[in-house]
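Just so you know, all these numbers are worked out from the coordinates, no wet-lab data involved. Everything numeric in this text was worked out from a predicted model, so none of it was measured. Ideal geometry is used to build each Cβ from the backbone, glycine not excepted, and the neighbour counts take in all protein chains shown.
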Amino acid sequence: MVPRRADRQARRRQIIEALWRITASGGLNAATFRDVAAEAGVSVRLVQYYFGTKDQLLLAALGALVEEVAGRIAARLAALGDDPPPRRVVDTILREFLPTDDASRQAMLLFIAFHTASLTDPSLARAEALQVPRDLIAVLAEQLRRGQRSGSAAADLDVDKEATVLVTVLTGMATSVLGGIHTADEAAAILDYQLDRLFPPG
C-alpha cells in the first residue's frame, strides 16, 4: 500500500526534524542514518526509502530549514503592515537570524553546520545550498534600492556590496552570540550601528 501524500510529508518532516535535533547538539557528523532513524523512531530502511542517501537527506533538511525561516520572516514582515519603510524591513529580516530564542538559535546552529560541512564536502556545496546567502543578499540589496528611491538610504551606496557586507556581519555576529563572545543585545546594537550608516537618521 502506497503511503498517502500527507502521510509521506509528515514522515519526511519527522525524519528531518530528528536530523535537526541531532545536528544542533552534535554536528552533522553525528547525524548518521542509524542515529537519525533512532531519534525519529523509525527504521533505517524507512529513512533510506524517503531520502536515498545522506547527501539527499541533508539537502532536504536544509531546504526545509530555509522554508521555515522564510515563513517566520514573512510573518514578521506582514505584521509591519502595508509598504513598511525599507529600514524596518531590513532590520526585521536581520534580527530573525540572530539567535535570540530556541528557534532562531537552532536555525543558526544548523545553517552554520551546513555551511561548514559544505567547505569540505563538494556534495553539499551544490547550487541549492549556496542559494541561501545569495537570495538574502538580493533581498537586502532591493530594500537598499527602495531606501535610495525614497531618500531614506544614502544615495552613494553600492547596494550590492553593502548587502553583502550586511550578510557577512550578520553571520559573524550570529556566530559570536552562539559562541558567547557577544550577547544578543550587543549583536543587535552592532547591527543598528551598521543600519544607521546605511539609513542615516534624519
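Of note:
- Gain in span if fully extended, E186 to A154, counting 0.36 nm per residue against the direct Cα distance: 9.0 nm
- Rg and Dmax over the alpha-carbon atoms of the chain stand at 19.0, 66 Å.
- Between D156, D121, D101, the GNM of the chain built on Cα springs shorter than 10 angstrom shows D156 fluctuating the most.
- Set of the stretch 70-95 residues, backbone N closer than 11 Å to the point 7 Å along the Cα-Cβ line of A103: 70-76
- Expressed as a fraction of 2.2 N^0.38 Å, the value expected for a compact globular protein of N residues, the C-alpha radius of gyration of the stretch 1-100 is 1.35.
- Cut-off 15 Å between beta-carbons: net charge of the residues surrounding A24, Lys and Arg +1, Asp and Glu -1: -4
- Between S25 and D7, the contour length at 0.36 nm per residue exceeds the Cα-Cα span by 3.7 nm.
- Extension reserve of the Y49-R197 stretch, reckoned as 0.36 nm per residue once the Cα distance is removed: 48.2 nm
- Binned Cα-Cα distance frequencies in the stretch 1-52 - 10 Å width, integer %: 28, 54, 16, 3
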